[in-house]
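Scroll down for the structure; my scribbles are underneath it.
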């Protein structure tokens, strides 16, 4: 699922917002920030068919070998909000 025109369209949109508000404006910065995140997720999950969430869980699991508070049991206690986010995304993004 390659979308070769995505970045150029986003650049055109950002240029339009830049002309209207300027690069230092809140609307431009917010739009740029949102597109940066969404394009990264899109490219990672759709274009490359990689599982970003799976890689995050694998990385946390690997790190837990050296950092005990990252073991699944302690992670939920120490980082309940991150754990909740991962569970939510796992529920809604997993096929």
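Read the figures in this text as sums done on the coordinates, not as results from a lab. Keep in mind the model is a prediction, meaning the values are calculated, not measured.
Report which label in (1) 14.2; (2) 15.9; (3) 13.2 holds the value of Kirkwood radius over Cα pairs in Å derived from the coordinates of this structure. From the options (1) 14.2; (2) 15.9; (3) 13.2, the structure gives (2). Subtracting the Cα-Cα distance of residue 15 and residue 88 from 0.36 nm times their residue separation leaves 22.8 nm of extension gain.
The stretch between residue 29 and residue 63, if pulled fully straight at 0.36 nm per residue, gains 8.9 nm over its current Cα-Cα span.
How much length would be gained if the chain were fully extended between residue 39 and residue 81, taking 0.36 nm per residue of separation minus their Cα-Cα distance, in nm to one decimal? Intermediate results must be reported in sequence, preceding the final value.
On the way: separation 42, 0.36 × 42 = 15.12 nm, distance 2.41 nm.
Net length gain for the segment: 12.7 nm.
How far is helix 80-93 tilted, in degrees, relative to the longest principal axis of the Cα atoms in the chain, given as a value from 0 to 90 rounded to the nearest 10? Long axis of 80-93 versus the principal axis of the chain: about 70 degrees. For the chain, the longest principal axis of the Cα atoms and the long axis of helix 52-63 meet at an angle of about 40 degrees. Rounded to the nearest 10 degrees, what's the angle between the helix 26-42 long axis and the longest principal axis of the chain, both from Cα atoms, 0 to 90? The angle comes out at about 50 degrees.
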